[in-house]
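A quick write-up on the structure given underneath.
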Amino acid sequence: LSPDAKSVKAIELRETVTKPFMTYFSGKGLHINSDISVWTLAEWADEGDGPGNQACAFMAGSRFRHRTFGGINNHRGRQREDDIPVLESQELAFKYFEKA
C-alpha cells in the first residue's frame, strides 16, 4: 500500500473502531490497562448494535481469526487461557466480522 492509502486506512480504523471502542470501554468504567479477553469482547459485541458493539465485534473477529491462523498468544504476549478448535475460531471470526 502507498503511504496515502495506509494513512486513509489508519484514519478509518481510528474513526470506526478505536474511538467507538474507547467510548464504549470507558462507559463500562474500565481503565485502559485492563486486560480484555476475546470472550469479553464477544460478550460486549452481543449486547447491542451500536458503534461500540460493532467495534467490539470487529476486535473479537480479529482475535478469533488470529487464533485460526495459528496465533498462540493473546494480544499481550501471555499464554492463552483456553484453546478452541480451529473450525470454531473460524466460525466465531466470521460471526463477529459479519456483525461489525
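Ranked from largest to smallest solvent-accessible area, with a 1.4 Å probe on the protein heavy atoms, Glu98, Glu88 come out as Glu98, Glu88.
If you wrap the Cα atoms of the chain in a convex hull and average its projected area over all directions, you get 7.0 nm².
Dividing the summed helix terms, -39500 (n - 2.57) for each DSSP H run of n ≥ 4, by the number of residues in the chain produces a 222 nm estimate of -18500 deg cm²/dmol to the nearest 500. Structural descriptor for the chain: relative contact order 27 percent, calculated from alpha carbon pairs under 8 angstrom and at least 6 residues apart. Within the accessible surface of the chain, defined with a 1.4 Å probe on protein heavy atoms only, the carbon and sulfur portion equals 57 percent.
A Stokes-Einstein calculation at 10 °C with viscosity 1.306 mPa s, built on the Kirkwood radius of segment 1-55 over Cα pairs, returns a diffusion coefficient of 129 µm²/s. Residue-wise HN-Hα couplings along segment 6-14, as the Karplus relation 6.51 cos²θ - 1.76 cosθ + 1.60 with θ = phi - 60° gives them from phi, are 5, 5, 5, 5, 5, 5, 4, 4, 4 Hz; Gly and Pro carry x.
In terms of packing, defined here as the mean over residues of other Cβ atoms within 10 angstrom, the peptides 3-9, 29-35 line up highest first as 3-9, 29-35.
Accessible area per residue for the chain, computed on protein heavy atoms with a 1.4 Å probe, is 65 Å².
The values are calculated or read from the model by the stated rules, or taken from the named source; none is laboratory data. These numbers come from a predicted model, not from an experiment. Glycine gets a Cβ as well: all are built from the backbone with ideal geometry, and neighbour counts include every protein chain shown. The area values use the complete protein model at the heavy-atom level, side chains included, leaving out ligands, DNA and RNA. Shrake-Rupley method; radii C 1.70, N 1.55, O 1.52, S 1.80 Å.
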